[in-house]
Amino acid sequence: MSIRTSEREERTQSVAPGHDPAPIVEEPVPSSKKRRRHRGHPSRGASIAIAVLAVLAGLAVWFVFHSLVLTSLQEHGSQARLYALLREDLANATAPVGGTIVSGTPIALLDADAAGMHDLVVVEGTDSKDLMLGPGHQRDTPLPGQQGISVIDGRSVTYGAPFRSLEQLAVGDEIHVTTSQGEFTFRVERLRGPGDPAPIPSEDSANLTLVTSASSGWRGGWAPDHAIFVDASLTGADPQPTPPGRPTTIEASEQPMAGDASARILGIFWFQQLVIVVVAFVWARRRWGPWQTWIVGVPLLIAVLWAAASTFSRLLPNLI
Amino acid sequence: MSRIRRRLLVAALASAAVALVLSATTGATAGSSFSKTETISRTHLVDGADQVVDTRTFHVTVDQTTQLRDRQEINVSWSGAHPTGGLVGDTNSQFAAQQEYPVAIMECRGLDNGSLPASKRLSPETCWTHTAAERAQSSLSFQWPSYRLDRYATPADRRARVGVPSPLPPACLSLGSGVQHWIPFKAADGSVYAGGADGCAGIAPDAVTYEGSLQPSNTTYAQTDLQGKGSTKFVISTADSNASLGCSNTAPCSLVIIPIMGLSCDPDAANLPEDDRPPADVRDLAFSRCAATGQFQPGEFAGAPNIEDLSVSGLLWWSESNWRNRITVPLRFAQSANICDARKDSAPVYVYGSELVTAATLQWAPRFCLDPKLFKLAHVQTGEPQAKNLLQNGTIEAAFEAAPPQTPFQRPTVQAPTALTGFAITFQVDDGSGHPLQTLRLTPRLLAKLLTESYAGLTVVQSTYPALANNPLDLAQDPEFTALNPGAPAPGYNTPPAATLYSLSSDSDVIWALSSYINADPDARAWLDGKPDPWGMVVNPAYKGIELPVVSWPLLDDFAEGWLYTNDGNMCLAQDPTPILPLIAAPVATLAQLALNMQFGVANSQIVCKDSGSITQKLAAVGRENPGQRFILGITSLADAERYRLDAASLLTHTDPGAASKFTSAAGRTFVPPEDASLRAAARMFQPVEQDGTWVLPYDKLRSSADGTGAYPGTMLVSTAVPTQGLPMTDAKRYAEFLRFVAGEGQQPGFGNGQLPPGYLPMTASNGMSTFAHYTQLAADAVAAQQGGTVSVTTLNTTTSPSNGDGTDGSGTPPAGTGSGGTDTTGPGGSGPTGTGGSGPDADVPAIGETLSVGSGPGGLAAPLALGLAVILALAAGGTWFFGRPKVAA
């Protein structure tokens, strides 16, 4: 890549400390290659253009790499931490079951063997940010096991993709949810996509709806385009009463497939940080030394890049 | 006949039979009255021969015996009874039992059917009496009181000691020996309370030893006039207010009416054992006491107590001579609204607000909660302004209101007319001869005088408070009042409760309506601004110029000096000086409390110092006023006034131009009581106000226009305010269902589930309110759609406001309004169209929705786009590098 080329040149230039780096000059063509016509190094303007384009391409690749690989690591970490929290809460029966629950609080444990979901910690809230932690419970619906229809959203591509195999659930499969009110078994009743009929169950029973995104064809697996729903109803037990105080409306960013527009400001902030870090990096390379700069700069750069990519993915639909 | 035809015929006959049965059962609910006639007599058995003393034909009518609710009053009237002597003022008190020849009316558990098992049969042991003295007799000095000589009593009942538990409880030992006859009380839960003369052997929790409590018993010893006729109101109690008696639909009760004729005596006691026969030397005395015919003349008031003849008094209602003359009326109760609490349903749909519609929602709620396809409706009673505030800040989803909100609702909201009712100024006023007045006329100025604490109430206040020194002492002394109500008590009659109108202390649209009515009257307004009335009375300076209307009536007077605040006056006030006039006004928090006070004539003025002088002294209410000397006025809802048979005052609507200002009679002025015709006339006067979003009663037009002359000024329209945006769809559909019910089926008058009780004028076309019903239907549609629609009150057009302003933009996120509808089942807010079909007014068809396409928009393509971008940029960079190098000649 052109960056490395020019960097190598610069490094070669500044190996001897104390010397002013010599300006880029055209090297005389070695006589052995005299006969081959070749191009020299790009001009300054072209170098800058190459640099910018390369940076942007790198950022794009970084974004793809981040969302497909690094976010899973992040989600695994969050799930481990939340599992420890939830385990303690369930043992003490202090996991919240009603009222106003702070977003991000773990409230339930979700298992569905048929869909490869084991011990998933469900948090409260279905914002993009909340779904980065794992499956999220929609705040204006009752908790799983309570009367009514409880809705749990989950991602299918990024951040661990907990619901990536949701489509493999068949009618009759069991979904187990554990909350502070007990262990509930739900039986899958139907899988619906756009245009499928959706009978409205009575309010007396407890129902569960899992929502994620899916697509087919070339987009399958990494670029979902529509939401799918899995409906399940409680079997073998009576629904629990719903404590009062639940919110009746939720933010627009918590709807299925909605992005969190408030992350824009944060995105701009992180972009500024990125620019600052890169400028500092470049400046430090000249003043400080390449090795030092690389050792200090690379983690910083990765951190800022990670944060910027996370913020950018918050702007995207929350079920991806 | 072919098989198909046969089957069709069978089906038709079956459905006809079902329809017939259904119509029969529903038809029988409306106020079924009861009448019966029987011959009653008093016949002694002397020397083996009958001696007829008196025979009469007693005929009684009870006006309502089904669909009864707790504390409801029914009317019992009769003819052909023995006139009552030794009259007392309060026929519900324990002293009323001592009257001679009363008609005893009491509520008993069980039915009067010999074939029923003992637990379901009524007897004196299951009849409710409030005090111990009404069901126990003891005679310490004389061994042969009249009840031992009752010829119809069983031998066991004629013994010396009947109903006394053995061993005798320690508390009863002080009663000594002597003849005792106790009737135990069997409570609903199976406990038996022996009672005793002073209740020493235990009384039911709801009973008292001596009367002192505020709420009287419903046992009535009614009075018959000289012609043998009489009528009285009887208060029904169910298990809600009397758990010991425990009347309900599962524990049937009866009304027992016993015309007391006196005991039929049998002094010889020929077939009784020796011990129960009066000895020869006492026989004549015992017989003369038993056969006594009364110490008082019929119609004579009881002077000295305890000189009545026991054998003809109401105290012996249980004795078989009287008991066998009973007339039993089975009672059937309306289904209690508690039945909804017992159902294990999903979360109810809450509507907060107005107490004016409590009676209606009490009957509507079972209709909703008992239908498995409907839902539980819960009416949380709060003041209307409070409910509107809660709706305004989104804490609740629907509110009953009776006036438009002060600041318009932020969300698009419909205010759908629900019930036409109003407030009543109810009164318990007895005239000079002790009989209750049936009508009362009041002007807005009189109401203003009562509310503004302009009557001193107490002479000591009048003498020391210069501002009120020249004002009449109370309403009864006000010439304006006596001119309009000639039968009212003569001047010289004064109690502090006559100086005020008992009203509400909390925020309420009822106060708003009342103060609007007062404010619209020019005489009242001028008087409030300081102009004296034609007789020289001025407003209390604390209230001068008060701005009306208000939602909460302020208590502004602060006079707290004079003799009253010394230890000789009122020790409670001396220790803790509180302004006296607000204590006389003593408003309460709820209309229900006001109705209770007015039903039992309880004056709430907190001016009596209880336990005066001791460390526990405190101010208490004046309490129940004595019947015959009552003068209290209060505000109640029309529904409560109907249910508890309270008399409502007629309010001024129109003054003829030529009518005198210093008047001496009601001539030239029109006063309108609350009744169907006047409510109907008022309903026609309501005017739609577009910016308020509802209808308003123009009080000034009541005075000026011809139509307004017959309109009742206390009419109020109660509406349900429901937002049409931002509600979860399941709740929105339920509110819509409720509104549709209210607009149609809920306006059927009656006492059954889902019907409209008295006190409300049905919102139908025949009452001129088809616009209200139509508006409510349109409002229901707007609520169900949840699209921000509002219905104009003037044109009845529905306008939908455009989408809900939460569209996000930029960065490839889809606007939340379009893509994120989901389906109704997942209930993601109310934003965006939901498009579920088939969920119209029929709640019995489960709605089938269609899963909407929730697209991810361009954001879903983030990864491929990014990768593509990367490739393109890399190529571009490579290309720039490749082609950007200047050619170097080799």
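The values are calculated or read from the model by the stated rules, or taken from the named source; none is laboratory data. Please read these numbers as outputs of a predicted model, since none were measured by experiment. All Cβ positions, glycine included, derive from the backbone under ideal geometry; neighbour counts span all protein chains shown.
A few comments on the model shown:
- Selection of the stretch B:489-498 for residues being touching a residue at least 24 places away in the same chain (Cβ under 8 Å) and in contact with a helix residue (DSSP H, G or I) (Cβ under 6 Å, 6 or more places away or on another chain) yields B:P489, B:Y493, B:P496, B:A498.
- Residue among B:L285, B:L316, B:L331, B:L310 that alone is out of contact with any Gly (no Cβ under 7 Å at 6 or more places or on another chain) and over 24 Å from B:T131 (Cβ atoms): B:L285
- Some residue of the stretch A:126-139 being modelled with pLDDT of 90 or more, touching a Gly at 6+ places or on another chain (Cβ under 8 Å), under 14 Å from A:A232 (Cα atoms) and surrounded by 19 or more Cβ atoms within 10 Å (Cβ to Cβ): no
- Residue match in the stretch A:217-224 (condition: at pLDDT 85 or above and away from every other protein chain (no Cβ under 12 Å)): no
- Within the stretch B:744-757, tally of residues that are within 13 Å of B:L420 (Cβ to Cβ) and either surrounded by fewer than 19 Cβ atoms within 10 Å (Cβ to Cβ) or touching an Asp or Glu at 6+ places or on another chain (Cβ under 6 Å) (or both): 1
- Test: residue in the stretch A:188-195 that is in contact (Cβ under 8 Å) with a residue 40 or more places away in the chain, within 30 Å of B:P864 (Cβ to Cβ) and more than 14 Å from chain B (Cβ to nearest Cβ): no
- For A:V177, the test of being under 21 Å from A:P256 (Cβ atoms) and away from chain B (no Cβ under 14 Å) is passed.
- Selection from the stretch B:164-179 of residues that are buried (at least 19 other Cβ atoms within 10 Å of the Cβ) and in contact with a helix residue (DSSP H, G or I) (Cβ under 9 Å, 6 or more places away or on another chain): B:V164, B:V179
- Listing of strands (runs of 3 or more DSSP E) fully contained in the stretch A:73-169 that carry 2 or more residues being β-branched (V, I, T) and more than 13 Å from the chain's Cα centre (by Cα): A:117-124, A:148-153
- Residue satisfying all of: in the stretch A:243-281; surrounded by fewer than 21 Cβ atoms within 10 Å (Cβ to Cβ), of a type in the set (S, T, N, Q) and within 13 Å of chain B (Cβ to nearest Cβ); nearest to the chain's Cα centre (by Cα) among these: A:S262
- Complete set of residues in the stretch A:231-241 that are within 11 Å of chain B (Cβ to nearest Cβ) and touching a residue at least 60 places away in the same chain (Cβ under 8 Å): A:P239, A:P241
- Among residues of the stretch B:720-742, those that are facing another protein chain (nearest Cβ under 10 Å), aliphatic (A, V, I, L, M) and outside any helix (DSSP H, G or I), counted: 1
- In the stretch B:520-559, the residues that are over 30 Å from B:A403 (Cα atoms), surrounded by fewer than 16 Cβ atoms within 10 Å (Cβ to Cβ) and within 36 Å of the chain's Cα centre (by Cα): B:D558
- The set of residues in the stretch B:428-464 being part of a loop (DSSP other than H, G, I, E, B) and either in contact with an Asp or Glu (Cβ under 9 Å, 6 or more places away or on another chain) or crowded, with 23+ Cβ neighbours inside 10 Å (or both) consists of B:L437, B:Q438, B:T439, B:L440, B:T443, B:T452, B:E453, B:S454, B:Y455, B:A456, B:G457, B:L458.
- Some residue of the stretch B:400-423 being of a type in the set (F, W, Y), within 17 Å of B:I635 (Cα to Cα) and buried (at least 23 other Cβ atoms within 10 Å of the Cβ): yes
- Long-range neighbours under 7 Å by Cβ, at least six apart or interchain, first residue surrounded by 20 or more Cβ atoms within 10 Å (Cβ to Cβ) within the stretch B:465-477, second outside any loop (DSSP other than H, G, I, E, B) and of a type in the set (S, T, N, Q): B:L468/B:Q462; B:L473/B:T459; B:L473/B:Q462
- Where strands (runs of 3 or more DSSP E) sit wholly within the stretch B:346-409, those with at least 2 residues that are within 14 Å of chain A (Cβ to nearest Cβ) occupy B:349-353, B:377-381.
- Count of the stretch B:286-310 residues, restricted to those that are assigned to a loop (DSSP other than H, G, I, E, B) and among the hydrophobic types (A, V, I, L, M, F, W, C), is 6.
- Restricting the stretch B:785-826 to residues that are modelled with pLDDT of 80 or more and within 14 Å of another protein chain (Cβ to nearest Cβ), the residue that is surrounded by the most Cβ atoms within 10 Å (Cβ to Cβ): B:Q786
- Subset of the stretch B:763-798 [without any contact (Cβ under 8 Å) to a residue 60 or more places away in the chain and part of a loop (DSSP other than H, G, I, E, B)]: B:T764, B:T795, B:L796, B:N797
- The single residue among A:G245, A:G172 that is on the phi > 0 side of the Ramachandran plot, modelled with pLDDT under 90 and assigned to a loop (DSSP other than H, G, I, E, B) turns out to be A:G245.
- Listed by first and then second residue, the pairs with beta-carbon distance under 8 Å, at least 6 apart or on different chains, first residue in the stretch B:860-879 and facing chain A (nearest Cβ under 7 Å) and farther than 20 Å from A:L316 by Cβ, second surrounded by 20 or more Cβ atoms within 10 Å (Cβ to Cβ) and not hydrophobic (A, V, I, L, M, F, W, C), are B:A877/A:S2.
- Exclusive hit being of a type in the set (G, A, S) and in contact with a helix residue (DSSP H, G or I) (Cβ under 6 Å, 6 or more places away or on another chain), set B:G708, B:G668, B:G714, B:G726: B:G708
- Residue count for the stretch A:63-119, restricted to those that are under 17 Å from A:R155 (Cβ atoms), touching a residue at least 12 places away in the same chain (Cβ under 8 Å) and β-branched (V, I, T): 1.
- Test: residue in the stretch B:719-727 that is surrounded by fewer than 20 Cβ atoms within 10 Å (Cβ to Cβ), out of contact with any Cys (no Cβ under 8 Å at 6 or more places or on another chain) and under 22 Å from B:K376 (Cα atoms): yes
- Output for the stretch B:859-879, where each listed residue is in contact with a Gly (Cβ under 9 Å, 6 or more places away or on another chain) and within 26 Å of A:L191 (Cβ to Cβ): B:G859, B:G860, B:L861, B:A862
- Among the residues of the stretch A:42-67, those identified as at the interface with chain B (Cβ under 7 Å from one of its Cβ atoms) and either within 26 Å of A:R314 (Cα to Cα) or in a loop (DSSP other than H, G, I, E, B) (or both) are A:P42, A:S43, A:L53, A:A54, A:L56, A:A57, A:A60, A:V61, A:F63, A:V64, A:S67.
- Residue check, B:T566 surrounded by fewer than 18 Cβ atoms within 10 Å (Cβ to Cβ) and over 17 Å from B:T459 (Cα atoms): no
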